[in-house]
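This report refers to the structure that appears directly beneath it.
The values are calculated or read from the model by the stated rules, or taken from the named source; none is laboratory data. Note that the coordinates shown come from a computational prediction; the quantities given were computed from them, not determined experimentally. Please note: Cβ atoms are built from the backbone with ideal geometry, for glycine as well, and neighbour counts cover all protein chains shown. Calculation scope for accessible area: heavy atoms of the full protein, side chains included, ligands and nucleic acids excluded. Shrake-Rupley method; radii C 1.70, N 1.55, O 1.52, S 1.80 Å.
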Number of protein chains: 2
Amino acid sequence: MAARKKAAKPDAKKPAKVTDNKVIARNEELNRTTVELIKSTALGVHKEIAAHKKPDLAFPVRSLGNVKYSLDRGYFEIGRQKKTRTLTVNTVKSFAQTLRMMGLSKDLVESNDFATKRDAYYQSKNWEEARFDEQTESDAVMDDIEALFSVRGVNREQLRFIPDEHGGAVAGNLIVLDPDRDTGVVERIDCTRFGSGAYSIPSSVEQLSFETDAKFILAIETGGVFQRLQSHKFWQTSNCILVSMAGVPTRATRRFVRKLSDECKLPVYAFVDCDPYGISNIYRTLKVGSGNAAHLNQFFCVPQARYLGVTPDDIREYQLPTHPLLDVDVKRAKDALKNDPFFKSHKPWQKALEDLVRMGVRAEQQALAKWGLNYVIEEYLPRKLANPAKFLP
Amino acid sequence: MAARKKAAKPDAKKPAKVTDNKVIARNEELNRTTVELIKSTALGVHKEIAAHKKPDLAFPVRSLGNVKYSLDRGYFEIGRQKKTRTLTVNTVKSFAQTLRMMGLSKDLVESNDFATKRDAYYQSKNWEEARFDEQTESDAVMDDIEALFSVRGVNREQLRFIPDEHGGAVAGNLIVLDPDRDTGVVERIDCTRFGSGAYSIPSSVEQLSFETDAKFILAIETGGVFQRLQSHKFWQTSNCILVSMAGVPTRATRRFVRKLSDECKLPVYAFVDCDPYGISNIYRTLKVGSGNAAHLNQFFCVPQARYLGVTPDDIREYQLPTHPLLDVDVKRAKDALKNDPFFKSHKPWQKALEDLVRMGVRAEQQALAKWGLNYVIEEYLPRKLANPAKFLP
C-alpha cells in the first residue's frame, strides 16, 4: 500500500518540463493579443472618422481619487473613472501623438523589438508635426496608453515599452526559459550555476517561462544579505529562489517575482530591515503596489507576498542591536497607521507598527551578525521558515 | 609561404584555456599572501609589546592633500604621508579595535567567508570593551586598515570585507571561472548564454578568472542601451563584452572591468551621455578613480579606458536632439577644466569640454534613436569602432 502510494506521488524533485514549443506558442499568443488590441482601438477611431463623426479615446483617470484598496484581490485597484479625449482642433496634436505612439508599439511587437521611454521620445523627432518637444509630454502620452491597455489586461512591457533600468539579481533552484528574439531558439538559464554571481533580470520579463521545484521565493532587501545567502548556497539547503531587491524593487524585479510566483504557484517571503521604510515602502510596494500607479498593480504587485522578518518581535527575541527611530521614521509609521488602507485592513500590522513606535528603535537585517556572520543561515531563517503561518500578512 | 604563416598564427577564435587547477592555485596564493601580511603586521605589534616598547601602526593619510595625479600610471595615487597611531592610554580602544578587525579579516580568509562593513560593525557587538558604538567608527577603522594594506598591494576585498551592493550586468563573449567556496569546484559561467538577461557581477570579484577571445570591453552608462545591445547580440557581431554601469559604476563593477581588462589585455571603451556628468563623473571615475579615495585607485580605476562617445563632435555630426546645459552642468565642466588634474593633463579633453560649454547643450546616448532605434547598433558603433585611435583619452 505504502509503496503504491509513493509511486503515485509525483516526484517532487522533477520540475514540470516546459517545452520550447510551449514557450514560443505562449509568446506568439501574447503578441497576437497585443496587436489585435492596438488594431481594434485604432479601427474604432478610423471608423468614427470615416463616418464623419468626432472620434474619441477614453483613458482611465490616473489619480488617487480613482483608486480603491481591494482586500479581496490584495492590491490598490484603479477605479472606473475615465477621461475622454475627443479629436478637436485643440486636441489634434496630442490625439495624433497617441495614435503614433500606438503605431510605434505595433511596429515593435511585429519586429520583436522594444523601446525605452527615452527611445520613444527621440523616435518622435522624426514624426514631423506630431513630434514631442519635451520628454515629459511623451511620457504622459505613454502613461495614458499604458492605463488604457491595462484595463484590457495588457501591460506596457507587452506593448514593448520597457523601463530604462533592469531588474535585481536572482540565484537558486530555477531555470529561466528565454526565446531568442531572432532565431526563436529557447535559452535555458540555470540559476544554480552562477558561482558567487547571479542572474540579472532583464528590463522586460514578459517573454520568460520558468521551470522550478523550489518551495518558495525569498525576496531580500540588501545586496549584502543576498550575497551571503547566495555564496553559502542557502537556496540549496532550503530549496528556494533568492531575489535581491536592492531597496525598493524596480518594475522588472516586481514583475519577475509576480510572474514566477503566479506561474509556478510559489509563496513569496520578504526579508527586509525592521524599520518603517522596509515595512511601509519596500514590503508594501512589493505586495500591494502603489496608489499613484494603481493601473500597474494588477501586473506588478505581489499580493501573495508575506513578511518573514525582521519583525519587532525579532528585535526582542534575538536581542538585536538597534538604532533609535528618527523623526522621519516615526512620521512614516504614523502615516501608514492613519492613512494607508493596507495597514488599516490588517490588525497584525497595526500591532507591529504600534509596537515599533513604542519601542522607539529599528533593526537592520544584518544585525543578526551579532550572533555570528552565518547565524542568519544556520539559525534565524530555518527557525522562521519552520512556521510560515506566523509571518505577518 | 602564406599557408605556413596562417598555420603559425594562433587561432583567434580559441581563448586561452584556464585550467581549474590554475584558478584554485591563484586563489590559494592570494589568500596566503593576505594572511601572511596580516600576521606580520600583528607580529610587529606583538614584538614591541614583548620588548616592553610602545607598539605603533602607520596608516597612509587619506586626504586630498596626500594625493597626486600620476600621468604615467594614469590615476590619482596616494602620497607618502603617514599618520602613526601609537598604543597609549588614550588610543588603547581604537588600537585594540584595529587589531580585532584585522583578526576578523584573518578568520574570514581562513574560513573562506566575507563580511560587509555592516556585518563587521554588528560582529563587534561581541568584542566586549572593543565593540563599536557607531558604524561610523567601525567604518573609519576599516578604511584605515584598507589604506594600510593597499600600500602593500592587498585590497579590502582580499581582506574579505566586501561592499553591500553588487556589481553591474555583463553579457558577451566571456567565460567567468568562479571556484565554489566549499568544494573548490570551478563553475564556468558562459556570458553568451543569458538570453535577454545578463550575468550579475558579485560583490567581490577577487576569486574570478576569465576566458575570452573578445576584442574589447564596452562599458555602457544606461540600462536601456545595454538592454538594446544585449538583446540584439551586439557582442556577437562585434566580438566584445558588454558591461552595464547603470550610472557611476559600483566598486565591484570597476574592479571587474579592471581585472578583466588587465588579465585578458582588453581595451575598454566607455559609451556614456555627452554631458559634464557622464564625462567628469562617470567616465573619469571609471578611468582615473577619485582623489578622495586615492588608496583604492591602484585596484579600482581603469587607466586603459578610452572615451568612445557620445562626444561634442557627435552632437554636430549626427545632428542629435539636445537639451540645454543647466547651470550645474556648466559649473561642473568649468570646475573640471580649472581644478581637475586629469582634464588639465589632456588637451583633447580641454577642447571637448570647452566646446560643450560653448555649444550650451548636452545629448543623451539614446538620442541616436532619432535615426531609428537600432541606428546605434547598425551605424553609430560600427563607424566609431572602425577608428579607436580617435577616441578621447
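Things to note:
- The residues of region A:156-186 occluded by other protein chains by 50 Å² or more of accessible area, set against the chain on its own, are A:Asp164, A:His166, A:Arg181; surface from heavy atoms, 1.4 Å probe.
- Computed over Cα pairs, the Kirkwood radius of chain B leads via Stokes-Einstein (0.890 mPa s, 25 °C) to a diffusion coefficient of 106 µm² per second.
- Backbone HN-Hα couplings from phi across region A:375-384 [Karplus 6.51/-1.76/1.60, Hz, Gly and Pro as x]: 4, 4, 7, 7, 10, 4, 5, x, 4, 4
- Cα principal axis extents for the protein assembly as shown, largest first, Å: 103, 78, 59
- Threshold 50 Å² - residues in region A:342-385 whose accessible area is reduced by that much or more when the chain is no longer isolated, probe 1.4 Å: A:Glu364, A:Gln366, A:Lys370, A:Leu373
- Each listed q (0.25 Å⁻¹) maps to a log10 I(q)/I(0) for region B:317-367 from the Debye sum over equal C-alpha point scatterers, namely -0.97.
- Annotation: per residue accessible area for the protein assembly as shown equals 43 Å², rounded to a whole number [probe 1.4 Å, protein chains only].
- Take each residue of peptide A:123-133, count the partner chain Cβ atoms within 10 Å of its Cβ, and average: the result is 2.
- Choice from A:Ser261, A:Ser40, A:Ser94 showing the highest fluctuation, given a GNM over chain A with Cα pairs closer than 10 Å: A:Ser40
- Take the accessible area of A alone and of B alone, subtract that of the pair with a 1.4 Å probe, and the total buried over both chains is about 4700 Å².
- Accessible carbon and sulfur surface of chain A relative to its total accessible area, %, 1.4 Å: 52 percent
- In nm, spacing of pseudo-spin labels at B:Tyr375 and A:Arg80 (7 Å Cα→C-beta vector): 4.7 nm
- Dividing the helix sum by the residues of chain B, where each DSSP H run of 4 or more adds -39500 (n - 2.57), gives a mean residue ellipticity at 222 nm of -12000 deg cm²/dmol.
- Taking the square roots of five times each eigenvalue of the Cα gyration tensor of region A:109-261, the equivalent ellipsoid has semi-axes of 34, 17, 13 Å, listed largest first.
- Reach of B:Lys68 by Cα under 14 Å, taken over aspartates and glutamates that are not fewer than 8 positions away in the same chain: B:Glu77, B:Asp340
- Computed as a quarter of the hull surface, the mean projected area of the alpha carbon convex hull for region B:295-349 stands at 5.4 nm².
- Highest-MSF residue in chain A out of A:Val89, A:Val376, A:Val205 [GNM, Cα springs under 10 Å]: A:Val89
- For region A:158-206, the mean projected area of the C-alpha convex hull, equal to one quarter of the hull surface, is 4.0 nm².
- Chain A: most fluctuating residue of A:Gly372, A:Gly197, A:Gly247 per GNM, C-alpha cutoff 10 Å: A:Gly372
- Checking the cross-link pairs A:Lys370/B:Lys117; A:Lys287/A:Lys344; A:Lys83/A:Lys338; A:Lys215/A:Lys344; B:Lys17/B:Lys265 against a 19 Å limit on the alpha carbon distance flags A:Lys83/A:Lys338; A:Lys215/A:Lys344 as lying beyond it.
- Distance in nm between pseudo-label sites at A:Val89 and B:Asp180 (7 Å out along the Cβ direction from Cα): 7.6 nm
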